[in-house]
Structures are given as C-alpha cells and as structure tokens.
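Visitor: Got a structure for you, written out below as structure tokens; questions coming shortly.
Taken together, the values in this text are just the output of simple stated rules run on the coordinates, not laboratory data. Computed from a prediction, not measured in an experiment: that's the story for all the values here. Here Cβ is always computed from backbone atoms with ideal geometry, including for glycine, and neighbour counts include all displayed protein chains.
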Amino acid sequence: MLHVASSLAPETFRLIYLDPPFLTGREQVGTREGCAYDDRWAGELDSYLPWLKERLYALYALLCANGSLVLHLDWRTSHHARVMLDEIFGRKGFMNEIIWHYTGGGRSKRRFSCKHDTLLWYSRSQQPVFNIDAIRVPYKPTSGYAKSGIVANSGRKYMPDPRGTPIDDVWDIPIINPMSLERIGYPTQKPLTLLNRLISALSSPGDLIGDFCCGSGTTVVAAHNLGRKWLGCDLSDAAIECTRQRLNAECGIKITPG
C-alpha cells in the first residue's frame, strides 16, 4: 500500500475506501483455494495502530480538496481509529459514523451479538461531494407521510419525494448469502450494495476512487459499473487474482495476469 501510494500524484482521489484487517487475532480463510490472510498481530494494538496510522497519513495526501476517506472497521479498533483520524483530518473533518447492520451467522449467549461494522467518513473539506438524492430509499409501507404528506403548523403541506426518503447513518444491508452468485470465496468479502451506496453518495461519475486493501475487488467493480475511474491494490496475490477475474466476468475488462 505505501509503495503504491508514494508513486501516485497527490490530491487526485475523490474517494478512498479502506477495509483493512480488523485485528481479529486469527487467520481469515475463504472457501476459495489460496484466499486467506493472517490477521494475527504480535503486540496486538501496539503494532496494529502504528501500522494503520502510517497508511492513513499516506492516503490523506492522495485526497483532493473535497475528497473523502471511509475507513471500515468493527468494534475492536474503530474507537482508536477515530482518535487517529481526528488528528489527521482535524475534528472538523469528521462527517459521519455509519453503522452497517447485518444479520446472519451465530448468536452469542453471553452478550449481545456483534452484528454491525463501523464506517468512519472523514473529508478534507467541510463541504465534500455528497449526492444524497442518488441513494434515496423507498418509504416504509406504514408511513403516513408517504401516503398523504404532512401539514405544518403554518398550514404548509409537505408531500413525499417520489424518489424516496434520504437514508440515515444506520444501514441495514444483508451480508452476502453463502449460496449467492455474488460470493467468490474471498474471506470478509463486502457486498456490492454497500459499496454502490458509498460510491454513489460520495463521488460523481468520472471521479477517481481508490481501494488500497481491495481484497475481493468489490470496490473496483462497483466503481467501474457506476462510471467512476478506479485504482485497487493489495499485498495478496490471491486478492489481485480475485479482482482481475471479477473485472473480467462482471465488467468485461480483460487484464492479463502478472
């Protein structure tokens, strides 16, 4: 990641999505041969946090003036990362803490089950690109507002937007079903629905999107299909091969191995 970042022109990316290892303390193994990575860290936080901080500083320099970074973590380190991001971007750089809520998998009998990830959105500008109308969702069937609107105390009537309602900062998006055709066997693969929403909201067609831990290739596939330019890299040869094959199969882009 650092080698690639150092070779790129500064202030060129509109959006960088970073989905690094989560400090799970175990090897992450997918169902596809060779798709695995070691998420065990000697020293745990003492080694993980400096590793992450160095990379966040490098990626900050690549963002354009109103560019955004979304850091995807979970309960293990998201609170530490927010302090680091406040230092790098300044407190005014914080835009949102997005909760990705999902179901599936096992259930704990000793505590509340952990069924969400945290996406920290920071920007170099207090007015980043934000296309809220691109990611509206349908009103709930039980919504009285959606059916007949509301009347304010002033007497003015407000009618629902035919495009739907703006989403909030809690996103209910299912994880990828084990039997889904979208699943390619890479561990911790993120759903296209999640990246489609992020990219649609925080960038515009033609913008450059970066993913420096591209893993299964979801970000670059979503960016390409949404008309964005993209760059993806990863330390894992298996991740690069997964991404190459997905670009070929899903986007019609043929990239020669090696």
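Visitor: Just the residues that are over 18 Å from Val70 (Cβ atoms), in contact with a strand residue (DSSP E or B) (Cβ under 9 Å, 6 or more places away or on another chain) and of a type outside the set (Asp, Glu), please, taken from the stretch 9-53.
Guide: Scanning the stretch 9-53 gives Pro10, Leu23, Arg26, Gln28, Val29, Gly30, Cys35, Ala36, Tyr37, Arg40.
Visitor: Could you give me the residue pairs with C-beta distances under 6 Å whose first residue belongs to the stretch 155-168 and is free of Cβ contacts under 8 Å to residues at least 40 places away in the same chain, whose second residue is part of a loop (DSSP other than H, G, I, E, B) and exposed (fewer than 12 other Cβ atoms within 10 Å of the Cβ) wherever it lies, and which are 6+ apart or on separate chains?
Guide: If the second residue must be part of a loop (DSSP other than H, G, I, E, B) and exposed (fewer than 12 other Cβ atoms within 10 Å of the Cβ), the pairs left are Lys157/Gly149; Tyr158/Gly149; Met159/Gly149; Gly164/Pro138.
Visitor: Those residues that are within 20 Å of the chain's Cα centre (by Cα), more than 22 Å from Asp117 (Cα to Cα) and either aliphatic (A, V, I, L, M) or crowded, with 19+ Cβ neighbours inside 10 Å (or both), I need them from the stretch 5-34; list them, please.
Guide: Ala5, Phe13, Arg14
Visitor: Follow-up. When you go through (1) surrounded by fewer than 11 Cβ atoms within 10 Å (Cβ to Cβ); (2) closer than 21 Å to Leu202 by Cα one by one for Arg136, which number turns out not to apply?
Guide: Result: Arg136 fails condition (1) only.
Visitor: Residue under question is Glu44, and the condition is that it be of a type outside the set (Gly, Ala, Ser), loosely packed, with under 12 Cβ neighbours inside 10 Å, more than 19 Å from the chain's Cα centre (by Cα) and over 28 Å from Val129 (Cβ atoms); does it hold?
Guide: For Glu44, the condition - of a type outside the set (Gly, Ala, Ser), loosely packed, with under 12 Cβ neighbours inside 10 Å, more than 19 Å from the chain's Cα centre (by Cα) and over 28 Å from Val129 (Cβ atoms) - is not met.
Visitor: Does Leu119 count as surrounded by 15 or more Cβ atoms within 10 Å (Cβ to Cβ), of a type outside the set (D, E, K, R), in contact (Cβ under 8 Å) with a residue 40 or more places away in the chain and not in a helix (DSSP H, G or I)?
Guide: yes
Visitor: So which of Leu23, Leu85, Leu18 ends up being out of contact with any Gly (no Cβ under 9 Å at 6 or more places or on another chain) and aliphatic (A, V, I, L, M)?
Guide: Of Leu23, Leu85, Leu18, the one residue that is out of contact with any Gly (no Cβ under 9 Å at 6 or more places or on another chain) and aliphatic (A, V, I, L, M) is Leu23.
Visitor: Given the structure, is Pro205 out of contact with any strand residue (DSSP E or B) (no Cβ under 6 Å at 6 or more places or on another chain), in contact (Cβ under 8 Å) with a residue 12 or more places away in the chain, surrounded by 12 or more Cβ atoms within 10 Å (Cβ to Cβ) and not acidic (Asp, Glu)?
Guide: No; evaluated as a whole, the condition is false for this residue.
Visitor: Within the stretch 222-255, how many residues are in contact with a helix residue (DSSP H, G or I) (Cβ under 7 Å, 6 or more places away or on another chain) and buried (at least 24 other Cβ atoms within 10 Å of the Cβ)?
Guide: Result for the stretch 222-255: 4.
Visitor: Right, here's the next one. Considering only residues of the stretch 70-103 that are of a type outside the set (Val, Ile, Thr), exposed (fewer than 14 other Cβ atoms within 10 Å of the Cβ) and in contact with a Lys or Arg (Cβ under 8 Å, 6 or more places away or on another chain), which is nearest to Arg26 (Cα to Cα)?
Guide: His101
Visitor: Looking at (1) among the small types (Gly, Ala, Ser); (2) part of a loop (DSSP other than H, G, I, E, B); (3) under 30 Å from Ala9 (Cβ atoms), which is the only condition Ala134 fails?
Guide: Result: Ala134 fails condition (2) only.
Visitor: Further, regarding this structure: When you scan the stretch 188-202, do you find a residue that is of a type in the set (A, V, I, L, M) and surrounded by fewer than 15 Cβ atoms within 10 Å (Cβ to Cβ), even just one?
Guide: no
Visitor: Out of the residues in the stretch 139-176 that are touching a Gly at 6+ places or on another chain (Cβ under 8 Å) and under 30 Å from Ala238 (Cβ atoms), which is surrounded by the most Cβ atoms within 10 Å (Cβ to Cβ)?
Guide: Filtering the stretch 139-176 for residues that are touching a Gly at 6+ places or on another chain (Cβ under 8 Å) and under 30 Å from Ala238 (Cβ atoms), the one surrounded by the most Cβ atoms within 10 Å (Cβ to Cβ) comes out as Ile175.
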